[in-house]
Amino acid sequence: MEKQMTLNKGKKNFFSKYSLIFILIIFMIVCTFANENFLTSTNLINVFRQQSVVIMLALGEMILIIAGLLDLSCGSVVAFAGVVSVLAYKAVPNLFVGFAVAIGVALAINALNGLMVTKFKTPPFIATLATQAIARGAALYITGGQNVYEIGDYNIVGQGSFGPIPIPVVIMLIALAIMIYIMRYTRFGRSTYAVGGNEEAANASGIKVNAVKMKAYLVNGVLVGVAALVFMSRVNGGLPNGAKDYEFDALTATIIGGTSFTGGVGNPVGTLLGALIVGFLSNIMNLMSVDSYIQQIVRGAIIAVAVIIDIYSKDRQTSKSNK
């Protein structure tokens, strides 16, 4: 009896650990039968190139949500940091300057988010909603609402490749590896889980909660800045209206990837798998010419279902532990 219970527990842990991989594989098989163009190398490379930006934003959302925070501004910050970066590059034709500006602007806005949350105790939802409006408005103002073109070699990052692998995918994989290291092997990573899991307990154990929250926003800032330069480089211009709703794609990928919306749970690999599921879903809907409005409904429904399942699972675990 005891052996059977141990075996059942082992099976349950195995499926829980690798469930996203199984879901992704099954989903790709279904998509392959649904449309003959889905599994072509051209289509798959295109999906990975497009999703590289969403994956980097999702990694930022992941670390924030694990810490009990949130960022609703990342899509708008991609637009603002991106157009400022493009304008800086056109003024001083130096790729390093353009890229440094993108990361610097995103860092500054996320530092503001962190300051509002830690110093002035503003709820993350309100703080990042405010910077969402500010960043988008600033992007439209400095460009007069017009796209910025003729960006020269700035597009090399978004459109170039190392052999068959697009440069955006390489950058995304580097960001993923760094986030895996941070979350698994650094004190800051462990502190992030502690703060999101139980802020009062983390504070009592000597963790500087506000410092952890600020660092989480700064890490998010770097990821958003890199995503901004990759996005503008890929679309070959500075688009003040670009990256709209990317924050929701990033949130969807993060929640599907197993990050608990209540904090304290999540990992980068799960976030990657969640983003790929979201990317392939959008791709197959486009290939099958599904109406864009229906696609919005599907994305919204996925977020709602994922959050409900997450909360239900956590409540169930809590009730079990209390028995």
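The values are calculated or read from the model by the stated rules, or taken from the named source; none is laboratory data. Please read these numbers as outputs of a predicted model, since none were measured by experiment. Virtual Cβ from ideal backbone geometry, glycine too; neighbours counted across all protein chains shown. Heads up: the accessible areas ignore ligands, DNA and RNA and are worked out on the full protein's heavy atoms, side chains in. Shrake-Rupley method; radii C 1.70, N 1.55, O 1.52, S 1.80 Å.
Once Rg/Rh (Cα atoms, Kirkwood Rh) is worked out from the coordinates, which option in (1) 0.99; (2) 0.93; (3) 1.16 does it equal? Computed from these coordinates, Rg/Rh (Cα atoms, Kirkwood Rh) corresponds to label (1). Note on the chain: with neighbouring protein chains present and a 1.4 Å probe, carbon and sulfur make up 65 percent of its accessible heavy-atom surface. Ranked by the mean number of other Cβ atoms within 10 Å of their residues, highest first, the peptides 167-179, 65-77, 289-301 come out as 65-77, 167-179, 289-301. Placing +1 on the Cβ of every Lys and Arg and -1 on the Cβ of every Asp and Glu, with nothing else charged, gives the chain a dipole about its Cα centre of roughly 1120 debye. Highest-first packing order for the peptide set 107-114, 249-256 is 249-256, 107-114, based on the mean count of other beta carbon atoms within 10 Å.
Of the peptides 34-45, 224-235, the ranking by mean beta-carbon count within 10 Å, highest at the top, reads 224-235, 34-45.
Please report the net charge: other residues with Cβ closer than 13 Å to the Cβ of THR252, K and R +1, D and E -1. Intermediate results must be reported in sequence, preceding the final value.
Numbers: positive: ARG299; negative: GLU61, ASP245, GLU247, ASP249, ASP310.
Net local charge, THR252 excluded: -4.
Picking from LEU287, VAL305, ALA102, whose Cα lies most toward the positive end of the charge dipole for the chain (charges on Cβ: Lys, Arg +1; Asp, Glu -1)? Checked the options; the winner is VAL305.
When only DSSP loop residues count, what trypsin sites (Lys or Arg not before Pro) in the stretch 71-132 have their Cβ near at most 15 other Cβ atoms within 10 Å?
Values: sites: LYS90, LYS119, LYS121; in loops: LYS119, LYS121.
When the trypsin sites (Lys or Arg not before Pro) of the stretch 71-132 are filtered for loop state and at most 15 Cβ neighbours within 10 Å, LYS119, LYS121 remain.
Partners of LYS90 within straight-line reach, counting aspartates and glutamates whose Cα lies under 18 Å from its Cα and excluding those fewer than 8 residues away in the same chain: GLU150, ASP153.
Among the listed pairs LYS121/LYS213; LYS213/LYS244; LYS121/LYS244, a Cα-Cα separation exceeding 22 Å is found for LYS213/LYS244; LYS121/LYS244.
Just to confirm a number: summing +1 for Lys and Arg and -1 for Asp and Glu over residues other than GLU199 whose beta-carbon lies under 12 angstrom from that of GLU199, what do you get? Each step should come with its number before you reach the end.
Details: positive: LYS208, LYS213; negative: GLU200.
Result for the local shell: +1.
Projecting the Cα positions of ALA194, GLY206, ASN220 onto the charge dipole of the stretch 162-233 (unit charges on Cβ atoms of Lys, Arg, Asp and Glu, taken about the Cα centre) puts GLY206 furthest along the positive direction. About its Cα centre, the stretch 137-225 has a charge dipole of approximately 460 debye under the convention of +1 per Lys or Arg Cβ and -1 per Asp or Glu Cβ, with nothing else charged.
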